[in-house]
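Here the structure is laid out as structure tokens; the discussion comes afterwards.
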There are 2 protein chains.
Amino acid sequence: METTKTVREQIIDHAITLMMLRGYNGFSYRDLSELVGVKTSSIHYYFPSKDDLVLEAVHAYTQEVQGAVQTIDAALPAEGKLAKFAKMFGRTLGEGDQICLCGMLAADIETLPEPVRLAVQGFFKANENWLAEVFAEGGRDGTLPTSAKPEQAARAFFAALQGAGLTSRLFRAKGRLEEVEASFKLSK
Amino acid sequence: METTKTVREQIIDHAITLMMLRGYNGFSYRDLSELVGVKTSSIHYYFPSKDDLVLEAVHAYTQEVQGAVQTIDAALPAEGKLAKFAKMFGRTLGEGDQICLCGMLAADIETLPEPVRLAVQGFFKANENWLAEVFAEGGRDGTLPTSAKPEQAARAFFAALQGAGLTSRLFRAKGRLEEVEASFKLSK
DNA sequence: GTCTATAGTCTGATAGAC
DNA sequence: GTCTATCAGACTATAGAC
């Protein structure tokens, strides 16, 4: 099994982990240098500026998450899909001290350049679109409360998950994520 | 009218504004120095360390928000209280480029000392407790969907508001906050 | 590609005069 | 209380040898 990761991949992986923990302004090239085992100047070789690095990190993270979402069985009832999605979202939170990369960057957004904002928007749109399909389907098959606007329900649900990720970590109480799913299920 | 603010009050006010914009790791004593018009060493006179400043900022912010919440008419039906609360929360977002101070600090929490975590937790608890009362009341008076657990509904609703604050700013679309309230109203 | 060395800037924080 | 002056350390980033 050839699982050796390139230095470039290691940098991105650790950058993602660090940002999910401390945010964009809370980690440095030096932190990465120590984790990856190369000098900071070598990191600049791959990513000339920190902004370049974040942008690539967001792209990699989006692809990774979307890949996982696509594995959710299409034959499942809508209610089941929603449950799986929520559970998956909870699992990205590591040992409980990390939040979604794009939720974190949304908090840091006013210190980031426009291309990063667009990339983070892209992450939200992709997830919201997938969820809107599920809510629409749930309305049809009767496993979810009928909503006039599936897109609206999707945005509210995803926002609630992001907020719950924040408070789960704040209170060190993982259960807060499950409450969100329950709230949207009993609904309507 | 004697509305002159002390230097100390100005520092806290600007610190709150800056953190709601850029987060804890995105502002400096120098920024404050320029806004308030005193040297950074003078700021250190009032707040020896940055952590001291954040802690006082959270206390001041909590008091301010809770004060506003308490002005919501107790005679209003639960549904109306929820609407007022959501609208108030939206108004704290300034020109649209700020988010709730404690939502922001929840994102930065892993870079902050324990006393700040406790203070931020206090802010969330206070708001969630108030909302739990409203949800319980709404179940009784029939203006809100009956929930087995008003506390759970309160936490999910507040998390959704925090998440919507994040995405409203990300997309520069204020409307996302209103969607949350609508989602919880049609519910159940 | 990775390194050493370093530039240039910003950071939080302190000492001490007034 | 506010200032000047300064510290030690961190930061992103670059030049150039190997």
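Angle of helix B:78-91 to the longest C-alpha principal axis of chain B, folded into 0 to 90 degrees and rounded to 10: 30°. Here, P(r) means the percent of Cα pairs in each 5 Å bin from 0 to the largest distance; for chain B it is 1, 8, 16, 18, 18, 15, 11, 7, 4, 2, 1, 0. Largest accessible area first, the listed residues A:Phe124, B:Phe171 line up as B:Phe171, A:Phe124 when surface is computed with a 1.4 Å probe on the assembled protein chains. Toward the positive end of the charge dipole of the stretch B:55-185, with +1 on the Cβ of Lys and Arg and -1 on the Cβ of Asp and Glu, the farthest Cα among B:Ala119, B:Leu161, B:Ala182 is that of B:Ala182. Between B:Ser28 and B:Lys125, residue separation times 0.36 nm minus the direct Cα-Cα distance comes to 32.0 nm. Here the 3J(HN,Hα) profile of the stretch A:43-51, calculated from phi with Karplus coefficients 6.51, -1.76 and 1.60 at θ = phi - 60°, is 5, 5, 4, 7, 10, x, 10, 4, 5 Hz, Gly and Pro shown as x. In terms of its C-alpha gyration tensor, the protein assembly as shown has an oblate overall shape, because the principal axis ratio a/c (a ≥ b ≥ c, square roots of the eigenvalues) is not below 1.5 and a/b does not outweigh b/c. Output the 0 to 90 degree angle, nearest 10, between the alpha-carbon long axis of helix A:114-141 and the longest principal axis computed from the alpha carbons of chain A. Approximately 20 degrees, to the nearest 10. Accessible surface of B:Leu55, taken over heavy atoms with a 1.4 Å probe and every protein chain present, rounds to 50 Å².
Be a star and scan the stretch B:152-188 for residues whose amide nitrogen sits under 20 Å from the point 7 Å along the Cα-to-Cβ vector of B:Asp141. The answer is B:152-155, B:157-158, B:181-188. Simple rule: put +1 on each Lys or Arg Cβ and -1 on each Asp or Glu Cβ in the protein assembly as shown, find the dipole, and look at B:Thr40, A:Thr71, B:Ala78; the Cα lying farthest toward the positive end is B:Ala78. Exposure check, 1.4 Å probe, all protein chains in place: A:Tyr46 carries approximately 80 Å² of accessible surface.
Note on A:167-178: average number of Cβ atoms from other chains within 10 Å of each residue's Cβ is 4. Backbone phi angles across the stretch B:27-32, fed through the Karplus curve with coefficients 6.51, -1.76 and 1.60 (θ = phi - 60°), yield HN-Hα couplings of 9, 9, 4, 5, 4, 4 Hz in residue order; Gly and Pro are listed as x. From helices alone, chain B scores -23000 deg cm²/dmol at 222 nm; the rule is -39500 (n - 2.57) for each run of n ≥ 4 DSSP H residues, then divide by the residue total.
Peptides A:130-138, A:150-158: what's the order by average Cβ count within 10 Å, highest mean first? Please list the in-between numbers first.
Numbers: A:130-138: 20.7, A:150-158: 25.0.
Result, highest mean Cβ count within 10 Å first: A:150-158, A:130-138.
Computed about its Cα centre, the charge dipole of the protein assembly as shown is approximately 360 debye, with only Lys, Arg, Asp and Glu carrying charge at their Cβ. Centre-to-centre separation between the Cα atoms of the stretch B:20-47 and those of the stretch A:113-177: 36 Å. Among B:Arg117, A:Arg140, the order of accessible area from largest down is A:Arg140, B:Arg117, computed with a 1.4 Å probe on protein heavy atoms. Rounded to the nearest 20 debye, the dipole magnitude of chain B is 380 debye, with +1 charges on Lys and Arg beta carbons, -1 on Asp and Glu beta carbons, and the Cα centre as origin. Shielding value for B:113-126 is 1, the average number of Cβ atoms from other chains within 10 Å of each residue's Cβ. For the stretch A:8-23, 3J(HN,Hα) computed residue by residue from phi via the Karplus equation (6.51, -1.76, 1.60; θ = phi - 60°) reads 4, 5, 4, 4, 4, 4, 5, 4, 4, 4, 5, 5, 5, 8, 10, x Hz, glycine and proline entered as x. Among the residues of A:148-159, the average count of other protein chain beta-carbon atoms within 10 Å of the residue beta-carbon is 6.
The values are calculated or read from the model by the stated rules, or taken from the named source; none is laboratory data. Since the model is a prediction, treat every value here as computed from it, not as a measurement. Cβ: placed from backbone, ideal geometry, glycine included. Neighbour counts: every protein chain shown. What goes into the accessible areas is simple: the full protein's heavy atoms, side chains included, and nothing from ligands, DNA or RNA. Shrake-Rupley method; radii C 1.70, N 1.55, O 1.52, S 1.80 Å.
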